[in-house]
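Worksheet: the structure to be examined is printed underneath.
The values are calculated or read from the model by the stated rules, or taken from the named source; none is laboratory data. Here the structure is a predicted model, which means the values were calculated and not measured. Every residue, glycine as well, gets a Cβ built from its backbone with ideal geometry; the counts of neighbours run over all protein chains shown. The protein model used for the area step is the full one, side chains on, heavy atoms only, and it has no ligands, DNA or RNA in it. Shrake-Rupley method; radii C 1.70, N 1.55, O 1.52, S 1.80 Å.
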Amino acid sequence: MQNYRDKRWVDFRESILQMDGYACVKCNRSIPEVVLQVHHKRYEPGKPPWDYAPGLCETLCKGCHAREHGKIRPNEGWSLYDESDLGGLYGECECCGTSLRYIFYIQHPNWEPMAVGTNCCDNLTGTSVATNYRKMLGRRKRFINSKRWRCTPNGMLIQQGRFLEIEIRQKSGAYIIYINSVGGKKLFNSESSAKEHVFDIIESGDASKFACRHPLQKKD
């Protein structure tokens, strides 16, 4: 699975729409009358959708896009290959036209990749992968802002049950994670990014496995 960065596609897509005057080059209709999409005149499987010469792309409405392919977009057989949080409603679902903060990139063997929202992603892939991803983001946000974090002389400390103690210490402008007093090697440039990593290792179960190998030493 290729790792695409959403901002490149959002910027590329916007540049094509702008060059075409935010109107379908076939029927000349524009938003909000129709949903506009970027059509690749020649699609190369595995190639990032933004890595094309502008002359190989054009703005089409959803209907003209389907006719250009000579068929209606398939409603099944899609798979998710990447997802992104834009930080605000800066994106647009290429399936229904809804403004998006969370974008899911899906692909199909007989159709161009699309950037869609949560509901369209789940509907087209026949899964709950987008919904589960949104739930995970909610859990991570609550974890980062949890009142269980308390300040200590060394930084921020959180305890997970009786057997796991996680501490984030600041050193020379960077942040280091300690699990049961054992320090990690990875440095983080912010307290928030360190907490995100703590969340990931707890969710994956790696923190519990580490705690089994390095039991928490009881303090007098």
Kindly check whether there is at least one residue in region 82-91 that is at pLDDT below 85 and closer than 30 Å to Gly21 by Cα. no
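Restricting to region 102-125, name every residue that is in a helix (DSSP H, G or I) and out of contact with any Cys (no Cβ under 6 Å at 6 or more places or on another chain). I'd like the intermediate steps shown before the answer.
As a first pass, look at region 102-125 and keep what is in a helix (DSSP H, G or I): 118-125.
Correct list: Thr118, Asn119, Cys121, Asp122, Asn123, Leu124, Thr125.
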Could you identify the single residue in Tyr22, Tyr90 that is at positive phi and either touching a residue at least 24 places away in the same chain (Cβ under 8 Å) or polar (S, T, N, Q) (or both)? Tyr22
For region 126-144, does any single residue satisfy the condition of being part of a strand (DSSP E or B), open to solvent by less than 30 Å² (accessible area, probe 1.4 Å) and over 18 Å from Ser192 (Cβ atoms)? no
Cβ-Cβ below 7 Å, separation at least six or inter-chain, first residue in region 128-154 and touching a residue at least 24 places away in the same chain (Cβ under 8 Å), second of a type in the set (S, T, N, Q) and in a helix (DSSP H, G or I): which pairs? Ala130/Thr118; Arg134/Thr118; Ile144/Ser192
Which of (1) crowded, with 17+ Cβ neighbours inside 10 Å; (2) without any contact (Cβ under 8 Å) to a residue 60 or more places away in the chain; (3) in a helix (DSSP H, G or I) does Phe199 not meet, given it meets every other one? (2)
Taking the conditions exactly as written (surrounded by 12 or more Cβ atoms within 10 Å (Cβ to Cβ), under 28 Å from Lys135 (Cα atoms) and touching a residue at least 12 places away in the same chain (Cβ under 8 Å)), does Ser190 satisfy them or not? no
Reported set for region 50-61 where residues are part of a helix (DSSP H, G or I) and among the hydrophobic types (A, V, I, L, M, F, W, C) is Leu56
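Within region 207-220, which residues are over 13 Å from Phe143 (Cβ atoms) and open to solvent by less than 80 Å² (accessible area, probe 1.4 Å)?
So the first thing to find is which residues in region 207-220 are over 13 Å from Phe143 (Cβ atoms), and the list is 208-220.
Ser208, Phe210, Ala211, His214, Pro215, Leu216 - these are the residues of region 207-220 that are over 13 Å from Phe143 (Cβ atoms) and open to solvent by less than 80 Å² (accessible area, probe 1.4 Å).
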Only unsatisfied item for Glu76, checking (1) closer than 21 Å to Cys121 by Cα; (2) surrounded by fewer than 14 Cβ atoms within 10 Å (Cβ to Cβ); (3) without any contact (Cβ under 8 Å) to a residue 24 or more places away in the chain, is (3)
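In region 34-44, which residue that is in a loop (DSSP other than H, G, I, E, B) and either touching a residue at least 24 places away in the same chain (Cβ under 8 Å) or in contact with a helix residue (DSSP H, G or I) (Cβ under 7 Å, 6 or more places away or on another chain) (or both) is surrounded by the most Cβ atoms within 10 Å (Cβ to Cβ)? It would help to see each step written out before you state the result.
Quick first cut of region 34-44, residues in a loop (DSSP other than H, G, I, E, B) only: 34-35, 41-44.
Still in the running and either touching a residue at least 24 places away in the same chain (Cβ under 8 Å) or in contact with a helix residue (DSSP H, G or I) (Cβ under 7 Å, 6 or more places away or on another chain) (or both): 34-35, 41-43.
Working: Val34: 18, Val35: 20, Lys41: 11, Arg42: 8, Tyr43: 15.
Once the filter is applied, the top-ranked residue is Val35.
Quick one: how many residues across region 62-101 are in a strand (DSSP E or B) and touching a helix residue (DSSP H, G or I) at 6+ places or on another chain (Cβ under 9 Å)? Even if it seems obvious, please write down each step before you answer.
We begin by selecting, within region 62-101, every residue in a strand (DSSP E or B); these are 79-85, 91-92, 99-100.
Among the residues that remain, those that are also touching a helix residue (DSSP H, G or I) at 6+ places or on another chain (Cβ under 9 Å) are: 79-80, 82-85, 91-92, 100.
Residues meeting the conditions: 9.
Tell me yes or no: at least one residue of region 151-171 is outside any loop (DSSP other than H, G, I, E, B), among the aromatic types (Phe, Trp, Tyr) and either modelled with pLDDT of 85 or more or surrounded by 12 or more Cβ atoms within 10 Å (Cβ to Cβ) (or both). It would help to see each step written out before you state the result.
Taking region 151-171 and keeping what is outside any loop (DSSP other than H, G, I, E, B), we get 151-152, 155-160, 164-171.
Checking the rest, the ones that are also among the aromatic types (Phe, Trp, Tyr) come to none.
Checking region 151-171: not a single residue is outside any loop (DSSP other than H, G, I, E, B), among the aromatic types (Phe, Trp, Tyr) and either modelled with pLDDT of 85 or more or surrounded by 12 or more Cβ atoms within 10 Å (Cβ to Cβ) (or both).
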